[in-house]
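The values are calculated or read from the model by the stated rules, or taken from the named source; none is laboratory data. What you are looking at is a predicted structure, and each value in this text was computed from that prediction instead of being measured. We place every Cβ from the backbone using ideal geometry, glycine too, and count neighbours over all the protein chains shown. Side chains included, ligands, DNA and RNA excluded: accessible areas come from the protein's heavy atoms. Shrake-Rupley method; radii C 1.70, N 1.55, O 1.52, S 1.80 Å.
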Amino acid sequence: MSAFTGITVDREALIANYATVSERVAPAGVIAVVKANAYGHGAVDAARAFVDAGAEWLGVADVDEGIALRRAGIDEGVRILAWLHAPDEDFRRAAQYDVTPAVSSVSQLAAAADSEVPAVHVCVDTGLSRNGAVESEWAELFATAGRIARSGGRTRVEGLMSHLSNASLADDLDQDAALQRALDGLAANGIVPDVVHLAASAGSIAVPETRHDAARVGLALYGLSPFADRTSADLGLRPAMRVTAAVLRTVPVAAGEGVSYGYTWRAATDTRLAVIGLGYADGFDRDLGNRVSVRIGDRTFPVVGRVAMNAMHIDIGDADVRVGDEVVLWGDPADGDPAVEDWAAAVDTINYEVVARVGRSVERRTT
Ligand SMILES: Cc1ncc(COP(=O)(O)O)c(C=O)c1O
């Protein structure tokens, strides 16, 4: 039987990671971040796993992602927070699907209140310069929040959030101090939010001061480490994503022959190549060739030549590798699989980007 080409997500690992992270950040809660198709792991199945593990909150980038989860059956007992909105976002959709918007401006706050969204979180910028109101905008935003809270309308200002830049401990603590100023500013307008949240994976693990009421955790729940100097195993996490492909064919090449576009690799001796059907159209960087290795059986073999649009080549030498055999691109190093961090380092990026970029063209199954 031919091996599975695609992503296998280990649901038990997601559940175990949720428990590990929850324990670590307690008494703070966890907002399980499932944006960007759960960092490539499949949003609906990942969300279900986290909910089964006890998650009461899910975090997504935008209202559309939240609506997709509701439509897939994530019921209203589970809160969904969305923090990045289109300029013309219609918050009536958020109200209809019970997606809680984090609002970054007076106009978003007013639009959410006009749409009778039951709850909003105020999103402030404390140094990331992305979404979130900047400090010079706080006075007007908090005053508006105070008026809305006193108006007797449907919308409650439930939370306050910001996001860390992970630049350094000192920068994180500066951001935390800025969050405290925002809390003071809200309090001066009569608002004491129930749910204050700042840290994501890195902050919540490394800087306990930033945990507040909840940590918005993505990467660590997928079993990956946000730190260059600490592995998943060091953090007690299990990488949940395993990427495999079936060998489509094997090709003999003679010493000196070039392989794939541009001949960035030439066979030093007579050898054989295994071809798999994953390429840059599926989110695998074109430059990965000659820089990473895969596992076949209990051996590792290098990926050689340029990664093509739909294929890559593996130098298998004289190993007994056949059409249909399983090639493991990355998985859990504790099981002997290559680490996604090696694939990230090969093209000078981070594990986040590599997992999130595996395209929707790649089949996913959760086991
Ligand atoms: C606002 C916000 N919160 C939380 C997260 C989760 O971050 P991490 O995956 O580092 O836990 C993200 C992801 O980038 C984010 O944008």
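Exactly one residue among A86, A32, A102 is of a type outside the set (F, W, Y) and touching a Cys at 6+ places or on another chain (Cβ under 6 Å), and that residue is A102. Within region 180-191, is there a residue that is under 26 Å from V362 (Cβ atoms) and out of contact with any His (no Cβ under 7 Å at 6 or more places or on another chain)? Looking through region 180-191, none of the residues is under 26 Å from V362 (Cβ atoms) and out of contact with any His (no Cβ under 7 Å at 6 or more places or on another chain).
Of all residues in region 111-134, those that are in the same structural domain as S168 (by TED's automatic domain parsing) and open to solvent by less than 10 Å² (accessible area, probe 1.4 Å) have Cβ atoms under 9 Å from Cβ atoms of residues that are within 14 Å of the ligand (Cβ to nearest atom) and modelled with pLDDT under 95, 6 or more apart or on another chain, in C123/N131.
Tell me, which residue of region 277-291 that is hydrophobic (A, V, I, L, M, F, W, C) and buried (at least 24 other Cβ atoms within 10 Å of the Cβ) is farthest from the chain's Cα centre (by Cα)? So that I can check it myself, show each step before the final result.
Our first condition is that a residue be hydrophobic (A, V, I, L, M, F, W, C); within region 277-291, this holds for 278, 281, 284, 288.
Adding the requirement that they be buried (at least 24 other Cβ atoms within 10 Å of the Cβ) leaves 278, 284.
Working: L278: 21, F284: 17 Å.
So the residue we want is L278.
At least 2 residues being over 28 Å from M1 (Cβ atoms) and touching a residue at least 40 places away in the same chain (Cβ under 8 Å) is the threshold, and among the strands (runs of 3 or more DSSP E) wholly inside region 203-296 those reaching it are 214-217. Of the residues contained in region 222-242, one or more are found to be in contact with a strand residue (DSSP E or B) (Cβ under 8 Å, 6 or more places away or on another chain), open to solvent by 30 Å² or more (accessible area, probe 1.4 Å) and closer than 26 Å to A61 by Cβ. Here V275, V362 are screened, and the one residue that is within 30 Å of G236 (Cβ to Cβ) and at pLDDT 95 or above is V362. Among residues of region 349-366 being under 18 Å from G279 (Cα atoms) and assigned to a loop (DSSP other than H, G, I, E, B), the one that is most open to solvent (accessible area, probe 1.4 Å) is R360.
Each residue in region 199-238 was checked for being more than 14 Å from the ligand (Cβ to nearest atom) and within 16 Å of E353 (Cα to Cα), and 0 of them qualify.
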